[in-house]
Amino acid sequence: MPYFVYILHSLTKDKFYIGYTANLSERIIRHNQKSKGFTGSTNDWILVHKEEFISQSEAILREKQIKNWKSKSKIQELVQQNNI
């Protein structure tokens, strides 16, 4: 089963969310449902980037790598390089 690292963007918040999952379509649906947490206050999250990995451990490492950048401009650069 493949795993995905994904980046979502909210126009309302003008923020990015980085995560990983084995079921990308279901995960995006859950992010767009009103709930507690970072993505729960708005429902306009759209997929702007994804990467596929064979193992969960690879996906986790890549997710951590991107999150450790702590740079909106670097994330925007990654998003612009890869059109979905």
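Just so it is clear, none of the values below were taken in a lab; they were calculated from the coordinates. All values derive from a computational prediction rather than experimental measurement. Methodologically, a virtual Cβ is constructed for each residue, glycine included, from the backbone with ideal geometry; neighbour enumeration extends over all protein chains shown.
Tabulated results
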| quantity | calculated |
| --- | --- |
| Residues of region 1-18 classified as over 16 Å from Asn82 (Cβ atoms) and surrounded by 13 or more Cβ atoms within 10 Å (Cβ to Cβ), total | 5 |
| Qualifying position, being among the acidic types (Asp, Glu) and closer than 17 Å to Asn82 by Cα, among Glu58, Glu63 | Glu63 |
| Residues of region 1-52 satisfying the condition of being within 24 Å of Ser73 (Cα to Cα), under 13 Å from the mean Cα position of the chain (by Cα) and among the basic types (Lys, Arg) | Lys15, Lys50 |
| Any pair with Cβ under 7 angstrom, 6 or more apart, that starts in region 1-17 at a residue that is over 18 Å from Lys70 (Cβ atoms) and ends at one that is part of a strand (DSSP E or B) and among the acidic types (Asp, Glu) | Pro2/Glu52; Phe4/Glu51; Phe4/Glu52 |
| Residue count for region 36-65, restricted to those that are free of Cβ contacts under 8 Å to residues at least 40 places away in the same chain and either surrounded by 12 or more Cβ atoms within 10 Å (Cβ to Cβ) or not hydroxyl-bearing (Ser, Thr, Tyr) (or both) | 14 |
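Residues are listed down the side, and each one gets a yes or a no for (1) of a type in the set (Val, Ile, Thr); (2) within 18 Å of Lys13 (Cα to Cα):
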| position | (1), (2) |
| --- | --- |
| Leu47 | no, yes |
| Ser55 | no, no |
| Ile60 | yes, no |
| Lys64 | no, no |
| Asn68 | no, no |
| Ser71 | no, yes |
| Gln76 | no, yes |
| Val79 | yes, yes |
